[in-house]
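Enquirer: Structure incoming, see below.
Just so it is clear, none of the values below were taken in a lab; they were calculated from the coordinates. Source: prediction; values computed, not measured. Because the Cβ atoms are built from the backbone with ideal geometry, glycine has one as well, and the counts that use them run over all protein chains shown.
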Amino acid sequence: MSEPLLKVRGLKIGATVYPPDAKPHKIEIVHGVDFELEKGKVLGLIGESGAGKSTIGLSALGYGRGGVELTGGEVWVNGRDILQGG
């Protein structure tokens, strides 16, 4: 079996929240997501509005939405760890 085109392991994403009448604080919004995508295959993420589908998809491309940060995990594209530049 060949190496997957995209491999995500333990993906964690955090954000800073600004509640009214309270100090800003960090929370984890994605809690250790794992998936693989083989070349020529299709992968769909489903869930309720606000569940993190777009945030996970952008993170799998090495991007983060404003106000969020990748706090853990690995994202491999064609055998290259894009979060570590390897």
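Enquirer: Working only within the range 40-86, note down all residues that are among the aliphatic types (A, V, I, L, M), under 9 Å from the mean Cα position of the chain (by Cα) and assigned to a loop (DSSP other than H, G, I, E, B).
Expert: Leu61
Enquirer: Still on this model: Give Leu61, Leu45, Leu11, Leu6 a once-over and let me know the one that is of a type in the set (A, V, I, L, M) and farther than 19 Å from Gln84 by Cβ.
Expert: Leu45
Enquirer: Additional query: One residue is enough: does the range 1-16 have a residue meeting the conditions out of contact with any Asp or Glu (no Cβ under 9 Å at 6 or more places or on another chain), free of Cβ contacts under 8 Å to residues at least 60 places away in the same chain and surrounded by 11 or more Cβ atoms within 10 Å (Cβ to Cβ)?
Expert: no
Enquirer: Which condition number does Glu38 fail, the rest of (1) within 20 Å of Leu83 (Cβ to Cβ); (2) in contact (Cβ under 8 Å) with a residue 12 or more places away in the chain being met?
Expert: (1)
Enquirer: Out of all the residues in the range 6-39, which are closer than 22 Å to Asn78 by Cα and more than 16 Å from the chain's Cα centre (by Cα)?
Expert: Scanning the range 6-39 gives Glu38, Lys39.
Enquirer: Scan the range 44-80 for residues that are free of Cβ contacts under 8 Å to residues at least 60 places away in the same chain and either surrounded by 13 or more Cβ atoms within 10 Å (Cβ to Cβ) or over 28 Å from Ser2 (Cβ atoms) (or both) and report the count.
Expert: The total comes to 22.
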